[in-house]
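The values are calculated or read from the model by the stated rules, or taken from the named source; none is laboratory data. Note that the coordinates shown come from a computational prediction; the quantities given were computed from them, not determined experimentally. Cβ atoms come from the backbone with ideal geometry, glycine included; neighbour counts cover every protein chain shown.
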Amino acid sequence: MLIHALRCKLHQPRVTRIELEYEGSLGVSREMLDAVGLLEFERVLVANLENASRWETYIIPLEEPGQIFINGASAHFCKLGDRLIVMSWAHLTPEEMKTHKPRKLTLGDGNLPLR
């Protein structure tokens, strides 16, 4: 049996750019990705804290620090400055679950790390 568990998350980064006319995806600054171990093209669940919308998409790394870009159809779920939760999942065995600790990065003003 495998358990679908939280692998990592970005907590409360703010949207810095919205681009409707794009093929679709979530742009995230590389330093945020590296801090929690998210990978290019990885599938993620995104929740908007401002309006409770949730959607799945994939990651595109951005070189500009502190940036979160919402692209394509997902642009309809956000406005500039909205706070998000970006979550990735893993399939773990019950034995692996005993020691698993998800990686988390909480962001504050300017999308700077808080903890």
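Only one of (1) of a type in the set (Gly, Ala, Ser); (2) in a helix (DSSP H, G or I); (3) surrounded by 13 or more Cβ atoms within 10 Å (Cβ to Cβ) fails for SER88. Which number is that?
Every listed condition holds for SER88 apart from (2).
Between a residue in the stretch 82-98 that is more than 20 Å from VAL36 (Cα to Cα) and any residue that is among the polar types (S, T, N, Q) and outside any strand (DSSP E or B), which pairs come within a Cβ distance under 6 Å, given they are 6 or more apart or on different chains?
none
Yes/no per residue for (1) closer than 14 Å to LEU10 by Cβ; (2) at pLDDT below 95; (3) not hydroxyl-bearing (Ser, Thr, Tyr):
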| site | (1), (2), (3) |
| --- | --- |
| ASP34 | yes, no, yes |
| LEU38 | yes, no, yes |
| ASN48 | yes, no, yes |
| LEU62 | yes, no, yes |
| LYS79 | no, no, yes |
| SER88 | yes, no, no |
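Which members of the stretch 38-52 meet the condition of being farther than 21 Å from HIS4 by Cα and part of a loop (DSSP other than H, G, I, E, B)?
Start the filter on the stretch 38-52 by keeping residues that are farther than 21 Å from HIS4 by Cα, which leaves 48-52.
Residues satisfying the conditions are LEU49, GLU50, ASN51, ALA52.
Has the stretch 23-41 got at least one residue that is surrounded by 14 or more Cβ atoms within 10 Å (Cβ to Cβ), among the basic types (Lys, Arg) and within 22 Å of GLY108 (Cβ to Cβ)?
Yes, there is a match, as at least one residue in the stretch 23-41 is surrounded by 14 or more Cβ atoms within 10 Å (Cβ to Cβ), among the basic types (Lys, Arg) and within 22 Å of GLY108 (Cβ to Cβ).
Report the residue count in the stretch 61-85 for those that are among the charged types (D, E, K, R), outside any strand (DSSP E or B) and within 12 Å of ASN48 (Cα to Cα). Spell out the reasoning first.
So in the stretch 61-85, the residues among the charged types (D, E, K, R) come out as 63-64, 79, 82-83.
Applying the additional criterion that residues be outside any strand (DSSP E or B) yields 63-64, 79, 82.
With the extra rule that they be within 12 Å of ASN48 (Cα to Cα), the set shrinks to 79, 82.
The total comes to 2.
On the given criteria, is LEU33 touching a residue at least 40 places away in the same chain (Cβ under 8 Å) and either among the aliphatic types (A, V, I, L, M) or part of a helix (DSSP H, G or I) (or both)? Before you say what the answer is, go through the steps one by one.
Numbers: touching a residue at least 40 places away in the same chain (Cβ under 8 Å): no; either among the aliphatic types (A, V, I, L, M) or part of a helix (DSSP H, G or I) (or both): yes.
No.
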